[in-house]
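Below is one structure, written out as structure tokens; the observations come after it.
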Amino acid sequence: MEIIQELHKWAANIMIIIFLYSSMMWFWFSADRQKIGNSSFRFFISLEMGISGILLLLGISLIITNPNWLGVKGVYIKIFLGLFTIGSIHLCATKTKKFLDSSMNRKDIKIINIIRALTIILLMTVYTTGTMIRVVHDGDNIKEFNEKIGLYNEN
Ligand code: HEM
């Protein structure tokens with residue numbers, strides 16, 4: 001169903017914006033207890049949890065409503081990366097929330113820095129992999145269509 005694919009794509013776009021925004025806040029303010037403990041940062045962490053959950057549900061719905069995707073080259077890698085990234089986002093959000101509810105010991109900042117940086121790399125990788133698979137798949141369809149109507153030219 002085209003609508004689910006569209007929603008999955010938009011959830012992925014929103015996920016990147018939210019995660020990058022909250023990570024910027026984290027990297028700038030994690031050493032400042034007052035700034036990092038404010039309610040808008042907590043709201044962004046809740047959004048990280050919520051949007052990644054929606055992204056997971058939409059990804060699963062996409063496969064259920066259109067199982068043909070499973071036959072497309074590279075899609076298993078994309079799904080594995082997607083699941084791994086969503087796990088990483090959840091780990092990140094949980095650790096950040098725990099930090100905010102604790103005495104905010106500076107020693108605990110480093111591990112969250114590392115998980116956040118790795119999650120950004122994963123998020124970018126899944127996004128580009130998903131888009132590339134879609135583009136290659138659409139390109140094949142266009143080629144097949146052109147061949148069918150006799151428009152395709154080998155040169
Ligand atoms: C952080 C996690 C994820 C991100 C950032 C992400 C991102 C994307 C993007 C950008 C596309 C291309 C959309 C388009 O151009 O129409 C896509 C497609 C797709 N996604 Fe995800 N996705 C994620 C997780 C998942 C999960 C968990 C599943 C399955 C359980 C999944 C299944 C699919 C499928 C089947 C497609 C269509 C094939 C393709 O274009 O690769 N995705 N995803």
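Once you've got the GNM for the chain with C-alpha springs shorter than 10 Å, pick whichever of 106, 42, 116 has the biggest mean-square fluctuation.
106
Once you have the Cα-Cα distance between residue 65 and residue 39, take 0.36 nm times their residue separation minus that, and quote the gain in nm to one decimal.
Roughly 5.5 nm would be gained on extension.
So if we plug the beta-carbon distance of residue 113 and residue 148 into 1/(1 + (r/R0)^6) with R0 = 41 Å, what FRET efficiency do we get, rounded to 0.05?
Working: r = 53 Å, r/R0 = 1.30.
The pair residue 113/residue 148 has a calculated efficiency of 0.15.
Could you check which residue among 141, 105, 38 shows the biggest mean-square fluctuation in a GNM of the chain with a 10 Å Cα cutoff?
For the chain, modelled as a Gaussian network with Cα springs under 10 Å, the answer is 141.
Explain nothing, just the number: dipole magnitude of the chain about its Cα centre with +1 on each Lys and Arg Cβ and -1 on each Asp and Glu Cβ, in debye rounded to the nearest 20.
940 debye
Could you work out the local net charge near residue 117, counting Lys and Arg as +1, Asp and Glu as -1, over the other residues with Cβ closer than 14 Å to its Cβ?
On the way: positive: 95, 110, 116; negative: none.
Here the count lands on +3.
Would you kindly give the portion of the calculated P(r) for the chain that falls above 28 Å, as a percent of all Cα pairs?
The calculated P(r) of the chain puts 34 percent of pairs beyond 28 Å.
Report the FRET efficiency, 1/(1 + (r/R0)^6), for residue 16 and residue 77, where r is their Cβ-Cβ distance and R0 is 25 Å, rounded to 0.05.
0.85
May I ask which residue of 18, 113, 77 lies farthest towards the positive end of the charge dipole of the chain, with charges of +1 (Lys, Arg) and -1 (Asp, Glu) on Cβ and the Cα centre as origin?
Selected residue: 113.
Report the Cα centroid-to-centroid distance between the range 104-140 and the range 67-90 in angstrom, as an integer.
Their Cα centres are 13 Å away from one another.
Bear in mind that the values in this text are calculations on the coordinates, not laboratory data. Note that the structure is predicted; figures quoted are calculated from it, not measured. In this analysis, Cβ positions are derived from the backbone assuming ideal geometry, glycine residues included, and neighbour counts consider all displayed protein chains.
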